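Inspection log for the structure reproduced underneath, given as structure tokens.
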Amino acid sequence: MSGVASRASSETPSSSEPVPAPIPELPGLGTTWYERGTRYRLRRIRTAVLMAAVMAFLCFAAISLYEGFRSVLPSGVRGVWDWAQVIASCGAVVWGWVVQRRRHRADLLDPPSPGESLSRKRAEQGRAVGLAFAGRALLVLAAPVMPAFAAFCVGWSAGMVTVHEFPSEAGARKAMEARARRT
């Protein structure tokens, strides 16, 4: 009987040992961000594949809208306008990447806490529905520049999914360290 009691007492932390802080769940990553194991990598890959599919659909829609606009242009202007779109799209991909990376860098300097990450995610989801309805009317007006807009979105998305660490992860680590220092 004494062997059982000693084993059980060795499993409980003593009062001098710090109790590990609970790992906060992050939107889209759960608790997998902490150890960065296989589940974490699979979630990151899933996000990248989903973003690639969304970007492919966006590019298809942009080219379709642009083709409709292009068909009403005079034949002499089409070539010039096409080259202008190619140049604008190349610049927009780079611009989207730079905008996302600057935002990411700024967010890493002051990362959100896990609670702030969740509230930001909920706010983004709420805004997305309204923007989707408002955006349908703007698509018709934006048809002449849709390829450049789609290129910006591709650059922005590529900049987002290729980061080493999300700001929400940095904020959660910072919050855990602060909690550990207090105990």
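Laboratory data are not the source of any read-out in this text; all were calculated from the coordinates shown. Not measured: the values here are computed from a predicted model.
Figures for the structure shown
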quantity: From phi via Karplus (6.51, -1.76, 1.60), per-residue ³J(HN,Hα) for segment 50-61 in Hz, x at Gly/Pro; calculated: 4, 5, 5, 5, 5, 5, 4, 5, 4, 5, 4, 5
quantity: Kirkwood Rh in Å, taken over segment 73-121 so that all alpha-carbon pairs contribute; calculated: 13.9
